[in-house]
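None of the figures in this text is laboratory data; all of them are computed from the coordinates on show. Keep in mind it's a predicted model, so treat the numbers as computed, not measured. FYI the Cβ positions are ideal-geometry reconstructions off the backbone, even for glycines, and counts take in every protein chain you see.
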Amino acid sequence: MPHRRDVFTWKIGGVGGQGQQAAGATFAKACTRGNFLTFNYSEYPSIIRGGHGTTQVDVAPRPLTAPSAAVNLLVALNEETIQLHAAEVTHDGAIIYDGSKITGDLKAYRRHKLFNLPIGNLLQDAKLPPISANMVAVGASLGLLRYSQAVLHHAIADLFAGKGQGTIDANIAAAQAGYDHATKHFQPARFAFTLRAKPVGKPAPLLTGNDAISLGIAAAGCQLYVAYPMSPSSSILHNLAGWAKTTNMVVRQPEDEIAAIHVAIGAMFAGTRSALATSGGGFALMTEALALSAMTETPLVAVVSSRPGPATGLPTWTEQGDLKFLVNAAHGDFPRVILTPGDPEEAFAAAGTAFNLAEKYQLPVIILMDKFVSESTRALPHFTLTPPEIERGKIATASELAGTKEFARYALTADGVSPRALPGTEGGIHLANSDEHEEHGFAVESFGGGALLRQRMVEKRAAKVRHLIPELPKPVRLGPAKAKLTLLSWGSTKGVAEEALRLLPYVNAVHMPAVWPIPEHALRHALNHVQQLVTVENNFSGQFATILRGATGIAPDHQLLKYNGQQFFPEELAEKVKALL
Amino acid sequence: MTQISDYMNSYRATWCPGCGNFGIWAALRRALVDMDLPPHKLLCVYDIGCSGNGSNWFHAYGFHSLHGRSLPAAMGAKLANREQTVIAFAGDGGGFGEGGNHFLHTCRTNIDMTYVVHDNQLYSLTTGQASPTSDQGMETKSTPTGDPDRPLRPLQLAVSAGATWVGRGFADDLVGLAQLYRQAIEHKGFAVLDVLQPCVTFNHFNTREWYAQHTHKLTEQEHNPADKAKALLLAGEWNGKIPLGVIYREQRPTYEDHFPQLAGKPLTQRVAARDVGQLIEQFR
């Protein structure tokens, strides 16, 4: 596979609990403090201690949107890491291994440069605890890369700023022990790669998709966040709960997902902004209430971060396998919106868009992400917290309602949207009804004329779709205007497509940050002059392609699909595309 | 002054003649008028069933939710607007069966709202199947050889799970029931009121007369509602005389009291773009 020339890739692996993710965070912070940009990507099992886990940091002088398949420097905290990942190491790369743990015969790996880092001995000499092994590994790696020690110390001090000087000093000492060992024993001058730190003003923020959407939810004025923990959505709950004192937001973890969505719906009905997040399995429990939001025309904002299913599936891996489920979720025939942000910037914006669409059109809006976009960390030098415009739609005021005896909450209107009255407002009394209802909200079956009213109410709710489509985020073209082949991505495949385009001349991509309802007009415009259309999806059956064909008749010439629990790697996607050219 | 007619609208009830629901809702209107609570200051969150069908002829803000889910929907509305009086309704099926988990965990929160359960020991809108409070051995459409399950004693669960006001009323006792409603609504914390109710169409065992014979009103001398041990015993009493009245009462901080965020203006009046500029600094 072609290695991405402008990217350096570092990867650390070991038993779960050895601190690979903290090592990755330290490595990335050290890089951003030397004017580099990074992409952190972790693979780990759904257990707290044990199993095999890796964290990879890609480093470049430019923003990165996906991790490499090829690794330039592999750090093995155990032997299994060498066995599993040596094949990923480039011919000019190297493997640093913990010689105090790995004592077996490494002859089979002789084609790689091998550096023995006796972490246990170094920790013992420095009188440091075993938990600092990951910092020794980071120090040795940056020593081999001849990176600035001062910048490394600065990064560690920043990372552990909240944990006291003792913790900072211990971690710096561990990193320094590794650094010194590498300088002395690894002959860094003979290693093909170096990283040169350059002065930087404010280092770029390092954000996951979940971090960005947490910021987006807060920025959009959400007042009540309610969620039941489920990977890979849980860090949104952790962020918002941690920030509650600053944001003044109420955060609740209820007894189950069913309660979570009903609390959110109740709060939105009362007239505040509330949101929730879960994964596919949790959303499966919520589907009846999705229909409640639709029938009562109560706004709803739900984040769904997918992992491979069905059932418990692979909790800590990635897949785009829930799209067809969400398009069809819940009983009944009703409109809903599905936004599919492909990176942290789009995730931040999606939160504001979701609240506005949910309130203006009084319907459920789902923000669909997956583990790859939710948990991968990007250095984002240009990330701007553009304050979202708050659009709350039609809310009848007390003065407008004065003297009203029976308020027509579900008045038939041209755009399908009827003004809401918030509980507590005099003159606005009404029933929001999960039964089919007439204009005041009263059940129609009991009051005659039911059949015609039913038809009108279905049409009223459906009318919202054509009015909201122009407000959906538009398809985005990536790469050159003219191309022999065009990739079509949605959600997390955006980042991989962006990186793959750098390896592919005459290829461009169209990314969809919103997939339902399909913005057909805008999509046809974006696909004008496309010679060969190829959908890229992280699922087995080509779910978006199926939906696209069904709703619009647009059919891709080819589908590229991956469903082993990993996202595509840019080199891998580029190879597959080349085979089609 | 609030009038009984303020809580009426132009629709007519579809309950069976003689249904216990008539008494349950008449007593509620009485209590609300006694409290002088105007209907726009009240939000009723309804379950599915004969109780929930009453949403159509009760003039107050209403949210007709799903089966078993009135409590979490009511909780969301209450947290969003603390100034609104919120009552969640359910039947014994939705309240203690489908929504059993919400019942237990809402008791734990002690959120300042009221839960009224219309308890006729049967699923009635679905034409008469056994419910969680049906007597063991009761023959219904779904249990023709007798219900094999033991009935729940929901008020014991309420006391042990942390509800801070627990009482039982009887649908035909309008005066007593109105007094219980008022106490439950005015109680600061989570109040659970189980209302025994005849189903004249499908429950031919627990009839109006049966309830009249098998219930008795607790007096102050008999029971101090602060006595938790005795409250648990009374809440489980069934086969002798079923106690009516306040079974348990305590003052404890509410769910809302734990959140300084909830002091001041209701969350419904705070929706605005938030500056998150400071929050991003931790990610650098």
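So the values come out like this:
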| item | result |
| --- | --- |
| Residue order, fewest to most beta carbons within 10 Å, for B:Ser124, B:Ser10, B:Ser65, B:Ser142 | B:Ser10, B:Ser142, B:Ser124, B:Ser65 |
| Centroid-to-centroid separation of region A:507-553 and region A:279-310 [C-alpha atoms, Å] | 24 |
| Low-density loop cleavage sites - trypsin sites (Lys or Arg not before Pro) in region A:26-78, where at most 12 other Cβ are within 10 Å (DSSP) | A:Arg49 |
| Structure-based [θ]222 nm, chain A - -39500 (n - 2.57) summed over DSSP H runs of at least 4, per residue, nearest 500 | -11000 deg cm²/dmol |
| Residue order, fewest to most surrounding Cβ atoms within 10 angstrom, among A:Met249, B:Met138 | B:Met138, A:Met249 |
| Sequence-separation-based contact order of region A:206-379, relative, with Cα cut under 8 Å and 6+ spacing, percent | 31 |
| Bridge type composition, chain B - antiparallel percent by DSSP, nearest 5 | 15 |
| Taking A:Ile47, B:Ile24, A:Ile12 and counting other C-beta atoms within 10 Å, the order from fewest to most | A:Ile47, B:Ile24, A:Ile12 |
| Local electrostatic count, A:Val7, Cβ distance below 12 Å [Lys/Arg +1, Asp/Glu -1] | 0 |
| Rounded to 5, the percent of DSSP beta bridges in the protein assembly as shown classed as antiparallel | 30 |
| Long-range amide H partners of A:Asn433 with built H, under 5 Å | B:His64 |
| Paramagnetic label zone (point 7 Å from Cα along Cα-to-C-beta, B:His216; backbone N under 19 Å) in region B:235-261 | B:235-248 |
| The protein assembly as shown, dipole about Cα centre (Lys/Arg Cβ +1, Asp/Glu Cβ -1), debye to the nearest 20 | 2580 |
| Cut-off under 5 Å, modelled amide H: who pairs with B:Lys217 long-range | B:Leu244 |
| For region B:162-173, 3J(HN,Hα) per residue [Karplus equation, 6.51 cos²θ - 1.76 cosθ + 1.60, θ = phi - 60°, Hz, x = Gly/Pro] | x, 4, 9, 9, 9, x, 9, x, 10, 4, 7, 8 |
| Region A:1-113: relative contact order as a whole-number percent, Cα under 8 Å and 6+ apart | 28 |
| Shielding by other protein chains, B:95-105, mean Cβ within 10 Å | 2 |
| Relative contact order, percent, region A:294-392 [alpha-carbon distance under 8 Å, six or more residues apart] | 39 |
| Average other protein chain Cβ within 10 Å of Cβ, residues B:54-62 | 6 |
| Amide hydrogen neighbours beyond the local backbone of A:Leu114, cut-off 5 Å, H modeled | A:Ile95 |
